[in-house]
Amino acid sequence: MPSTPDVRAVLHAAVEAVGGEDRPGQIEMAEAVQHALESGQHLLVQAGTGTGKSLGYLVPSLLHGKRVVVATATLNLQHQLVERDIPALKDAARATLDVVPHHAVVKGRSNYACLHRVREGAPDDQGTLVDVPEGSLGAEVLELREWAEEQAKGSHLGDRDAAPAHTERAWRQVSVNHRECLGASRCAHALECFAERAREDAHTAQVVVTNHALLAIDAIDGVPMLPEYDAVIVDEAHELAARVTQASTDELDPVVVERAARRARAQVDGKEADDLTDASDALADVLARTEEGRIDDPPQPLQEVLAFVRDTARACLSAFPKDKDKDKGEPDAARQQARGMVDDIRKIAERMAAKGETEVLWMSDNRGNKQLHIAPIDVSASLRDKLFADKTVVLTSATLKLGGGFDPVARSLGLAPGDDSWSSLDVGSPFDYRKQGMLYVARDLPLPGRDGLEEAQLAEIAALVEAAGGRTLGLFSSRRAAEKAAEEVRTRLPDIDIWCQGDAQLPELARRFAETPSTCLFGTLSLWQGVDLPGDTCQLVIIDRVPFPRPDDPLMSARQRLVEKRGGNGFMSVAASHAALLLAQGTGRLIRRATDKGVVAILDPRIVTARYGSFLAASLPDMWRTTDREVALAALRRLDDAANAVTTPEV
């Protein structure tokens with residue numbers, strides 16, 4: 001057997017193993033990724049739906065000879081890689097490789113059961129859960145504890161994905177986050193620890209699968225979460241900047257401060273915990289007098305209360321007894337958790353009090369729950385200096401080209417346009433978008449108003465849905481718009497079932513929609529990305545308006561202002577790029593396989609009337625385009641007739 005097999009040979013075997021067929025774009029991508037890994041030049045690859053991009057980067061990663069980290073944005077893709085694509089690839093590679101490299105998965109600590117918590121109980125306010133009726137929280141916890149003990153007996157990793165069905169609240173009773181963990185050097189169950197075993201497993205693997213957040217914590221924050229690696233493949237790379245920002249965002253509110261004070265009170269003998277409670281009350285009082293939105297220059301009362309929270313948290317932290325003073329070296333989980341909570345409060349308050357020009361501070365108000373947030377305005381410099389400077393990075397997605405080019409996404413990730421440190425490649429898609437899809441822009445509709453959907457848009461939606469016979473995925477810019485459209489279409493077309501996000505859990509709604517012909521599913525942002533609905537069930541995608549960020553969005557508005565301060569076009573760099581990416585993702589819901597056909601209807605004339613419309617249009621799949629309403633309706637009627645002819649047996 002050859003020791004250095006050809007990428008094409010292994011890819012061909014892997015594609016056969018999953019029942020597929022060779023695709024030119026996938027082969028081109030695999031060879032480009034191999035070249036990037038060998039040369040050290042960063043690579044951006046746009047691989048359209050149906051390309052098979054996961055095998056396109058997994059094959060060269062497996063053959064690289066050095067450790068490669070694969071980072072995804074969603075658990076769905078991570079699950080697909082670990083449960084389907086990598087096992088199929090390794091099975092195929094056994095015919096061409098002397099030794100098949102090992103792979104591993106690394107998740108955040110809270111994704112694994114904690115044997116200390118399982119065996120010692122949760123050090124919180126809920127007490128011990130025993131002898132409770134079947135179906136209650138206690139019964140769920142007991143079942144999870146039994147499962148964790150069974151996992152510990154074998155070589156299993158205690159991964160939440162393999163656990164019995166449970167609620168979020170039950171899982172918290174058998175898991176810990178990084179703050180609550182006692183640490184391997186101090187935990188009596190460290191040798192059996194599932195999270196530690198997963199990390200040890202990763203140190204023996206050549207391909208390590210993780211998520212964008214852990215990659216950011218490891219590479220940018222400098223907290224070791226992953227074993228040393230040579231290169232990283234970032235799938236769903238259009239999400240990277242947002243996920244890195246999310247991982248670097250902190251929140252603070254009076255409830256969290258009070259909870260930390262309450263936990264500390266059982267551990268601290270002095271009045272320091274009471275002082276932290278006073279700080280919580282003072283924070284609540286100041287936030288009650290603070291307006292929602294971005295806070296560019298924190299007023300004096302807010303500065304003072306943040307300093308008060310910081311200082312009282314620091315004093316409270318100093319008052320904690322050392323474990324060795326109280327338990328002769330035995331760790332105390334309750335104290336560890338309380339100390340961690342207080343230290344988090346201290347760090348976050350300190351960060352907010354010292355806010356500089358590179359960060360944005362804002363307050364949100366969710367039905368009276370007022371919360372402060374702080375985030376980096378721009379993560380491109382951090383990515384450039386702490387990820388791209390040290391590692392070879394391959395970024396891939398079905399939507400990396402905005403306005404017809406890679407520069408907008410590259411710039412947002414810290415790669416300078418024209419720099420020879422990176423190259424780009426668009427391998428296209430095996431789908432014939434011009435024959436399979438139509439893009440209809442409702443040019444004659446009025447511009448979308450601030451008050452949501454008006455009669456003209458509602459009438460257009462109903463007409464389109466009726467022509468399509470249902471079979472519609474409605475993507476709306478707000479929950480209110482989705483609900484209003486659903487209510488209106490139900491009234492106008494009572495024979496068509498309309499499901500709206502919120503009627504049930506999203507996976508259940510997607511399953512119903514996929515399995516039931518001639519129905520509609522209306523929803524918001526979570527439906528724009530990552531929902532795979534192939535076949536006749538989805539022959540019409542309606543987008544109510546160009547999804548620009550809200551003008552009062554604190555983070556987006558701060559980014560836009562920063563670009564303008566640096567002499568750039570803030571609207572095009574931030575708002576238009578954000579909208580173009582979402583539009584590309586949304587229109588991508590229509591054609592999911594080679595036999596799919598349908599219409600994308602955008603009810604916002606700005607795509608064809610505004611100066612920036614050409615930038616947005618150039619970001620979309622190359623479908624046949626029209627602004628003629630009757631042409632779109634006729635196409636939908638033909639598709640509905642064809643679908644009904646297939647599903648209705650001859651008499």
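The values are calculated or read from the model by the stated rules, or taken from the named source; none is laboratory data. This structure is a prediction, so every number in the text was calculated from the model and none was measured. Methodologically, a virtual Cβ is constructed for each residue, glycine included, from the backbone with ideal geometry; neighbour enumeration extends over all protein chains shown. Just the protein is used for accessible areas: all its heavy atoms, side chains included, with ligands, DNA and RNA removed. Shrake-Rupley method; radii C 1.70, N 1.55, O 1.52, S 1.80 Å.
Numerical summary
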{"read-out": "Residue in segment 287-304 that is touching a Ser or Thr at 6+ places or on another chain (Cβ under 6 Å) and either farther than 30 Å from S412 by Cβ or surrounded by fewer than 15 Cβ atoms within 10 Å (Cβ to Cβ) (or both) present", "value": "no"}
{"read-out": "Residue list for segment 48-65, restricted to those being in contact with a Pro (Cβ under 8 Å, 6 or more places away or on another chain) and of a type in the set (G, A, S)", "value": "G48, G50"}
{"read-out": "Entirely in segment 31-124, the strands (runs of 3 or more DSSP E) that have 2 or more residues that are of a type outside the set (A, V, I, L, M), open to solvent by 20 Å² or more (accessible area, probe 1.4 Å) and out of contact with any Asp or Glu (no Cβ under 8 Å at 6 or more places or on another chain)", "value": "none"}
{"read-out": "Matching residues in segment 516-526 - criterion: being over 18 Å from L540 (Cβ atoms) and open to solvent by 60 Å² or more (accessible area, probe 1.4 Å)", "value": "L525"}
{"read-out": "Filter result for the condition that a residue is of a type in the set (D, E) and surrounded by 18 or more Cβ atoms within 10 Å (Cβ to Cβ), over E258, E228, E251, E239", "value": "E239"}
{"read-out": "Unique match (being under 23 Å from D552 (Cβ atoms) and either among the hydrophobic types (A, V, I, L, M, F, W, C) or within 27 Å of the chain's Cα centre (by Cα) (or both)) among L590, L582", "value": "L582"}
{"read-out": "First in segment 188-214 and under 26 Å from L37 (Cα atoms), second anywhere and acidic (D, E) and at pLDDT 90 or above, Cβ under 8 Å, 6 or more apart", "value": "H212/E236; H212/E239"}
{"read-out": "Top-ranked residue in segment 587-618 [being modelled with pLDDT under 95 and of a type in the set (G, A, S); ranked as least open to solvent (accessible area, probe 1.4 Å)]", "value": "G588"}
{"read-out": "Any hit, segment 623-636, residues being of a type outside the set (S, T, N, Q) and at pLDDT below 95", "value": "no"}
{"read-out": "Unmet requirement for G404, which otherwise passes all of (1) open to solvent by 30 Å² or more (accessible area, probe 1.4 Å); (2) without any contact (Cβ under 8 Å) to a residue 12 or more places away in the chain", "value": "(2)"}
{"read-out": "Test result for T245, of a type in the set (S, T, N, Q), in contact (Cβ under 8 Å) with a residue 12 or more places away in the chain and open to solvent by 10 Å² or more (accessible area, probe 1.4 Å)", "value": "no"}
{"read-out": "Which numbered condition A510 misses (of (1) open to solvent by 30 Å² or more (accessible area, probe 1.4 Å); (2) over 30 Å from T358 (Cα atoms))", "value": "(1)"}
{"read-out": "Residues of segment 561-605 satisfying the condition of being under 30 Å from A634 (Cα atoms) and either among the acidic types (D, E) or part of a helix (DSSP H, G or I) (or both)", "value": "A579, A580, L581, L582, L583, A584, Q585, G586, T587, D596, D604"}
{"read-out": "Residue list for segment 261-274, restricted to those being part of a helix (DSSP H, G or I) and surrounded by fewer than 19 Cβ atoms within 10 Å (Cβ to Cβ)", "value": "R262, R265, D274"}
{"read-out": "Within segment 151-163, tally of residues that are open to solvent by 20 Å² or more (accessible area, probe 1.4 Å) and either β-branched (V, I, T) or closer than 22 Å to D218 by Cβ (or both)", "value": "4"}
{"read-out": "Residue selected from segment 619-640 under the condition under 15 Å from Q539 (Cα atoms), among the charged types (D, E, K, R) and touching a helix residue (DSSP H, G or I) at 6+ places or on another chain (Cβ under 9 Å), by the criterion least open to solvent (accessible area, probe 1.4 Å)", "value": "D640"}
{"read-out": "Considering residues of segment 164-192 that are open to solvent by 30 Å² or more (accessible area, probe 1.4 Å) and aliphatic (A, V, I, L, M) only, the residue nearest to I345 (Cα to Cα)", "value": "A184"}
{"read-out": "Segment 431-466: number of residues that are in a strand (DSSP E or B) and crowded, with 20+ Cβ neighbours inside 10 Å", "value": "5"}
{"read-out": "Number of the exception - R492 against (1) open to solvent by 10 Å² or more (accessible area, probe 1.4 Å); (2) modelled with pLDDT of 95 or more; (3) in contact with a Ser or Thr (Cβ under 8 Å, 6 or more places away or on another chain)", "value": "(3)"}
